1. Return only the number of the condition from (1) in contact (Cβ under 8 Å) with a residue 24 or more places away in the chain; (2) farther than 19 Å from residue 151 by Cβ; (3) under 31 Å from the mean Cα position of the chain (by Cα) that residue 59 does not satisfy.
2. Hey, can you tell me all the residues within the range 77-92 that are modelled with pLDDT under 85 and within 14 Å of ligand 2 (Cβ to nearest atom)?
3. Mind checking which helices (runs of 4 or more DSSP H) fall wholly inside the range 144-222 and carry at least 1 residues that are within 26 Å of residue 130 (Cβ to Cβ)?
4. Can you tell me which residue within the range 66-102, out of those that are more than 10 Å from ligand 1 (Cβ to nearest atom) and free of Cβ contacts under 8 Å to residues at least 40 places away in the same chain, is surrounded by the most Cβ atoms within 10 Å (Cβ to Cβ)?
5. Just wondering, is there one or more residues in the range 484-494 that are within 32 Å of the chain's Cα centre (by Cα), modelled with pLDDT of 85 or more and under 30 Å from residue 199 (Cβ atoms)?
6. Just the residues that are in contact with a helix residue (DSSP H, G or I) (Cβ under 6 Å, 6 or more places away or on another chain) and under 30 Å from residue 292 (Cα atoms), please, taken from the range 184-207.
7. Take residue 51 and tell me if it is more than 9 Å from ligand 1 (Cβ to nearest atom), in the same structural domain as residue 146 (by TED's automatic domain parsing) and crowded, with 23+ Cβ neighbours inside 10 Å.
8. What number of residues within the range 97-121 satisfy the criterion of being within 12 Å of ligand 2 (Cβ to nearest atom) and out of contact with any helix residue (DSSP H, G or I) (no Cβ under 7 Å at 6 or more places or on another chain)?
Ligand code: ADP
Ligand code: MG
């Protein structure tokens, strides 16, 4: 039989390689940004059109390429970054596989302009699907501009596989942020369809994090520093009280490269043990420096997974470094038994739960009360919680022992800003419509979590948080789509800081938010002024509620208008609902029961979790057999 094996033509081989390197526009962004960094650029501009489907352009002021190099850079396995196999173990660059440009050129229209410092003119190359269409001298500043147009033009299946612009843009922003966070000394900008999304000046790690995630991030960061023989760690973790319900802001960088590592993530989570509310995730931005000999970056084409020599040691060092920082910066009052309870968060007062130190404005502040109540202990970075707690200090006297009881500890974990609602008559009253207050019905509360009610046929057990979430969710959907909710006017407008990206998202959600009761005076690039808020929330909760909303939207991008409304209602309902641990009086219990059974779908929460269960008299009978 004749021989049947043949070598694949270059363009086919490149297309196959591209399948691994380029999954979506964001992959191109990553490769081009990394090339610019490897070229020692100090300023990098990213320009995107239609979420990268029509244009991805990266301009840098790096060292540029010669005419020959510019041509060669599009060949497969063409790289200036390594020469020998040994070089793989002392990598200082992002790239080394020499595949990116070849792969990208195989599946897009690429235009590259480049000029080195000491040459008069630059060179321009146009390539369409691996075919070089043209190379000519051109006028261009020092550095390189790569424009990638019509991605996947020759692979319709891949093109059709791309998600909505919102989703693809989200991926691009993720990659951009990772690269920008890893290289704070380099200036970056990102424009999408002519709008500036990021403008990041050259800075340090902390400042870069704040520039990317908005001014309010600064106060949330706790520095982490540790240096041992095998590992240097620096960076920041977020204070536990700012932990999010989604895993948005978790970043590991190893030698300035963003990586994913479930194992190291576990080490961080372990360091936070006992400090986080249920189902919340801490933010972290951790920069690890490890001898390149001790790691292998070559196990994945996109290089986001790496292998470490001595994982166990890294785990232990990381965990203890973070624990130490959290202790040192006093962000862990729950572990700190020695402090004066009068100055601290109240763990228990008049039978209620502690609230997380999150209140921005002390509503019970009375300037005519004695000064001494407000003396704040100047412990590092914890001023806010002292401020909040000081107003409760009197009521709290003597009740600090509750901390040692099991329920005291639990409630501390589960406490949440929403408890605040129950600390003031005024808010509690507005939580439930008058017509829902029935005096009939027999209910009581169990473990500050369940509402128990008797049924004709047995017993009804309702999860209070889930039930309230369902009620609010249906109410919110109604206000957004049918009839706007009532809002409460604020005496003094609330001014909140956000990142540029967040304000862009708020603008998009503005109409729906207005329906739920928000009144916006203005939404600027970094600042939002709010004049009115929904009736059901207090002023102090607004910032946390919006933060949570934005992070929910960052992590789950809705594909259509309906899902956007749905996600908004879901997120707000969850934030606004009473929490496990909140003590409910009879009227509130009954309002929840009645409200729940007036819902269209009382059985499950908006995220499909069971709201109540019943225990029939028969079931009970059986227990006595
Ligand atoms: P790798 O980065 O793995 O070397 P690439 O295909 O991404 O492979 O790039 C090939 C080569 O092209 C690089 O090694 C580098 O020499 C050159 N190159 C790519 N982009 C730039 C740039 N922005 N500035 C200067 N040189 C570049
Ligand atoms: Mg590269």
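1. So residue 59 meets the others, but not (2).
2. Within the range 77-92, the first condition is being modelled with pLDDT under 85, and the residues that meet it are 77-78, 81-92.
If the condition is that a residue be modelled with pLDDT under 85 and within 14 Å of ligand 2 (Cβ to nearest atom), then 77, 78, 81, 82, 91, 92 are the ones that fit.
3. Numbers: elements: 156-161, 165-182, 205-213.
The helices (runs of 4 or more DSSP H) meeting that bar are 156-161, 165-182.
4. Checking each candidate, the answer is 87.
5. yes
6. 184, 188, 200
7. Numbers: more than 9 Å from ligand 1 (Cβ to nearest atom): yes; in the same structural domain as residue 146 (by TED's automatic domain parsing): yes; crowded, with 23+ Cβ neighbours inside 10 Å: yes.
Spelling it out, residue 51 is indeed more than 9 Å from ligand 1 (Cβ to nearest atom), in the same structural domain as residue 146 (by TED's automatic domain parsing) and crowded, with 23+ Cβ neighbours inside 10 Å.
8. Taking the range 97-121 as the starting set, the residues that turn out to be within 12 Å of ligand 2 (Cβ to nearest atom) are 97-104.
If we keep only those that are out of contact with any helix residue (DSSP H, G or I) (no Cβ under 7 Å at 6 or more places or on another chain) too, we end up with 97-98, 101.
Total satisfying the criteria: 3.
The values are calculated or read from the model by the stated rules, or taken from the named source; none is laboratory data. In this text the structure is predicted, and so the values were computed from the model without any measurement. Glycine also receives a Cβ, built like all others from the backbone with ideal geometry; neighbour counts cover every protein chain displayed.
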